[in-house]
Amino acid sequence: MRAYKPKDDVQKKSYYTDRYWVAPMVPKSMVEDDAVFAADLAAIKAKFDVSDAYIQVEQMVVYIKPEDNVGVLKLMKEELGYTQLSEMSAIDWIAKQGQFEIFYQMLSMGKRKRIRVKCFIDQNQAIESVNPLFRSADWSEREMFDMFGVKVNNHPYMKRILMPDDWEGYPLLKTYPLQGDEFAAWYEVDRIYGKEARAIIGPEIRDSARVDRYDTERFSRLGFEVPMGAEPKAVDAEETPLAYQEEGGVFMIDKFEDDKTEIISDRKR
Amino acid sequence: MAQHQVNYTQDNGLPVALTTIDKVVNWGRSNSLWALTYGLACCGIEMMASGASRYDFDRYGTIFRSSPRQSELMIVAGTLTKKHAEFIKRLYDQMAEPRWVISMGSCANTGGMFNTYATVQGVDRVIPVDLYLPGCAPRPETLQYAVMMLQKKIRAEKAGKAQRPKRLL
Amino acid sequence: MQQPNRLRPFFENITFDREDNEMIVNFGPQHPSAHGQLRLILHLQQEQIVKAHPDVGYLHRGMEKMGENMIYNEFMPTTDRMDYIASSSNNYGFALAVEKLIDVHVPRRAKVIRMMLLEINRLISHLFWLATTALDIGAMTVFLYAFREREYLMDIIEDYCGARLTHAAIRIGGVPLDIPDNFIPDLKDFLDKLPANIKDYEDLLDTNRIWLMRMENVGIIPEEMALSWGCTGPMLRASNVAWDIRKEEPYELYDEVEFEVPYSDKCDNYARYKIYMQEMRESAKILYQTIDMYAETVKNNETELMAHSPQYISAPKLELMTQNYSLMQHFVLVTQGMRPPVGEVYIATESPKGELGFYINSQGGPYPYRLKLRAPSFWHTGILTDLLPGHYIPDVVSIIGTTNIVFGEVDR
């Protein structure tokens, strides 16, 4: 019987984990340890609910409610001096808790500090766009939609950005296999030649370790190449010498002669 | 006949060369392979390097053209993604016969290291390829060698109508 | 009749008086001056752009998904193909993020070598930028000159790691090799000639009438727009924000070297061009200092190149060959991969294009749970939406040129 593999998370897993192994944690420190972060957190806490906040690897992480995202970012931009939204995207926690985690990576150039604002949304919940505050969110939110299918409200142009418009599926979901589904496998053939060409062109060769006997016809055995369609040479056949030109030279072109060339060892700077 | 003192009947004096049509046509074709700039990814940079100062592609008569109508060689340099696939087919169709394709680099040959949902696993799923050039990314010398091999191939072909247009399907 | 001594378009007297003669032009995805696979859909009123719609994703290879299905060390060569003009800076960004996650300390000699590689990569990238942008605008000579110098740098890198373009020269926890014997003399040789070379380019371009017409007061990015669009690197510094991560949040040994951060308040293409030229000089300055720092590590006999952390990083070769336990660790690390602690990290480094960030969410397994690659070019392409309207068709090429976008990085 084949081993059961969960369908809701097809990410590659370690084939062996010690049963007593407990993963260590990246140390977290209290927000109060850093005066700048503590002040920022106090300002956010004064107006919004903060469910958790800590400092990890020199950056503060703040968990907020998803409906406050625009409010918190607006406060951070206008009052706390966080002028750039460096990055935002989602993390897929559907298999574990049916939620997406959205993170906003903020940068304050005046304070030289970075804060990561995070929130959880349910699988089919939409989030409000922060595009009016930071134009960079325009493309990030589109990318998030493209990769996870997270919908963003009031976005000016909610379309796929990296994948083609007629693509099916959201590639970065944990349910989506790395090598694509049936639709992805035939996308270019269907699109260019039509479904009827599938049988002629054949399926994709995804096995990177595949060795084909007919590779000898092409390039795998240097020095034993034969023209396309001809029988591969026997193992003990004579090696074809590396020749840049045909035997006897080419019409109206001087023959290349090895002994009349010079090899420059110095690069002549 | 010109009125000067050259003795045409001496060795190599006669400005006439006897040859076949095939040879003349193939000589012309193989030594003026104008390539379509098809830099898709990293290999495109090496393709540019082979066109630039040190490697100097013009020596082989290979000049990069930006229009498919003016070129007969397509060097597919880089990863072909599924989103891009239809464009490569369209540009290939716009090139005039006879036309040749060099698939440069592992990604164009087989999909290479990008064994993912978004990558076409080999450009030969979309257009016919004459020469596969391995490497990630191949050095400019390798590309030059590939062009020389292609020239060899062209010289071995029939030049006339006996040569059928290439198509994948 | 057209005056022979004036540069006027021939159809000057033709007026397009219809209000609605909007034309839609498709630019790319395979355009010689699109720097890769950019597709722009431009709405034109006569020659003026009223709406621009950049379409990216033609080089999307699914790197983030790949990263989630690869062990950390395995992903390193994939980062090469992001910003393939300056591969080592991507290697470095990823290595640094993982090092912060597992909290290891890189030996000083490795740090010096890394800085050398990073700055050589910056020079390669800027020379490449100059070459292609000049070519797009028509300055073929500069293209040939800049590529000539770039080849020498590629030789130096090749002497170090064996590859010209995709280096994979940096490992998590250090560097794999010490620099070869001829590395420093070659580098010095190159650096000594670099100022004269840069002067050559500037003599050709700085006051060139065509160059000025295509560059000056074209593509003005105001400060607010640059900040709002998340611009970083030279794009931001040309818009009057002196922000360089090497200076502000120093990583590696950048706090020990002297260098200036060039910036400009002109905000246009020409300002960006000047900043790239100035940054090449600053990189050369840093490289001279790293050469001295390297000599110092040789003098102090600091020969370690990889961090010592048996849990995460394989022991040096000598130990692997002599000690059983190190060999066992090595087997586990190669076949299963390192397992960083549970947590997340976002580390930004200053790549030649701007802020290159790696966000890693680790759940304690050998595969990252989420890997987000923050590539500067993504937003530098996005800004074209707001930047292009109002400009004319020929400006598009010079603006794309100075944004210095690389599509391996935009689409990942």
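The values are calculated or read from the model by the stated rules, or taken from the named source; none is laboratory data. Here the structure is a predicted model, which means the values were calculated and not measured. A quick note on method: Cβ atoms are made from the backbone with ideal geometry, for glycine too, and the neighbour counts reach across all protein chains shown.
Couple of notes before you dig in:
- Within the set A:R114, A:R142, A:R160, A:R135, the sole residue that is buried (at least 16 other Cβ atoms within 10 Å of the Cβ), at the interface with another protein chain (Cβ under 10 Å from one of its Cβ atoms), within 21 Å of C:E344 (Cβ to Cβ) and not aromatic (F, W, Y) turns out to be A:R114.
- Checking C:M225, C:M235 one by one, the residue that is crowded, with 21+ Cβ neighbours inside 10 Å, of a type outside the set (F, W, Y) and within 14 Å of another protein chain (Cβ to nearest Cβ) is C:M235 and no other.
- Evaluation of B:R69 against (1) in a helix (DSSP H, G or I); (2) in contact (Cβ under 8 Å) with a residue 40 or more places away in the chain (one fails), failing number: (2)
- Scoring A:I102 on the criteria (1) surrounded by 14 or more Cβ atoms within 10 Å (Cβ to Cβ); (2) more than 8 Å from chain C (Cβ to nearest Cβ); (3) farther than 22 Å from C:G357 by Cα; (4) without any contact (Cβ under 8 Å) to a residue 60 or more places away in the chain leaves a single failure, condition (3).
Condition check ((1) more than 18 Å from B:G44 (Cα to Cα); (2) touching a strand residue (DSSP E or B) at 6+ places or on another chain (Cβ under 8 Å)) across all residues:
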residue	(1), (2)
B:F87	no, no
B:M95	yes, yes
B:P98	yes, no
B:I102	no, yes
B:G105	no, yes
B:V123	no, yes
B:L133	no, yes
B:T142	no, yes
B:K158	yes, no
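Residue by residue, here is whether (1) at pLDDT below 90; (2) closer than 23 Å to A:G194 by Cβ; (3) among the acidic types (D, E); (4) not in a loop (DSSP other than H, G, I, E, B) holds:
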position	(1), (2), (3), (4)
B:I102	no, no, no, yes
B:M113	yes, no, no, no
B:D124	yes, yes, yes, yes
B:K161	yes, no, no, no
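- A count restricted to region C:130-170 and to residues that are of a type outside the set (A, V, I, L, M, F, W, C) and under 20 Å from C:M293 (Cβ atoms) stands at 2.
- Of all residues in region C:238-263, those satisfying the criterion of being of a type in the set (G, A, S) and surrounded by 19 or more Cβ atoms within 10 Å (Cβ to Cβ) are C:A238, C:S239.
- Residues of region A:6-35 classified as of a type in the set (S, T, N, Q) and more than 7 Å from chain C (Cβ to nearest Cβ), total: 2
- Against the conditions (1) within 14 Å of chain B (Cβ to nearest Cβ); (2) free of Cβ contacts under 8 Å to residues at least 40 places away in the same chain; (3) closer than 21 Å to C:T132 by Cβ, C:G162 satisfies every one except (3).
- Close contacts from region B:45-58, counting a first residue that is on the phi > 0 side of the Ramachandran plot and a second that is crowded, with 21+ Cβ neighbours inside 10 Å, with Cβ to Cβ under 9 Å and a gap of 6+ residues or different chains, come to B:D56/B:S50.
- Taken over region C:69-92, the criterion of being more than 11 Å from chain B (Cβ to nearest Cβ) and over 21 Å from the mean Cα position of the chain (by Cα) is satisfied by C:I71, C:Y72, C:N73.
Conditions tested, residue by residue: (1) among the polar types (S, T, N, Q); (2) out of contact with any strand residue (DSSP E or B) (no Cβ under 8 Å at 6 or more places or on another chain); (3) within 20 Å of C:H380 (Cα to Cα).
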position	(1), (2), (3)
C:D255	no, yes, no
C:K266	no, yes, yes
C:M280	no, yes, no
C:K317	no, yes, no
C:V345	no, no, no
C:T349	yes, no, yes
C:G357	no, no, yes
C:I360	no, no, no
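- Residue in region C:175-191 that is farthest from the chain's Cα centre (by Cα), counting only those that are crowded, with 17+ Cβ neighbours inside 10 Å and assigned to a loop (DSSP other than H, G, I, E, B): C:I179
- 2 or more residues of a type in the set (D, E): qualifying helices (runs of 4 or more DSSP H) within region C:51-115: C:63-68, C:72-80
- Just one of the listed residues (A:A90, A:A95) is surrounded by fewer than 17 Cβ atoms within 10 Å (Cβ to Cβ), under 25 Å from C:Y369 (Cβ atoms) and not acidic (D, E), namely A:A95.
- Residues in region B:106-143 that are crowded, with 22+ Cβ neighbours inside 10 Å, facing another protein chain (nearest Cβ under 7 Å) and in contact with a Pro (Cβ under 8 Å, 6 or more places away or on another chain): B:Y117, B:A118.
- Filtered by the rule that a residue be over 16 Å from the mean Cα position of the chain (by Cα), among the basic types (K, R) and not in a loop (DSSP other than H, G, I, E, B), region C:235-284 gives C:K247, C:K274, C:R281.
- Region A:163-192, residues that are facing chain B (nearest Cβ under 7 Å) and within 29 Å of C:D386 (Cα to Cα): A:M163, A:P164, A:P171
- Subset tally (residues that are among the hydrophobic types (A, V, I, L, M, F, W, C) and surrounded by 20 or more Cβ atoms within 10 Å (Cβ to Cβ)) for region C:35-52: 5
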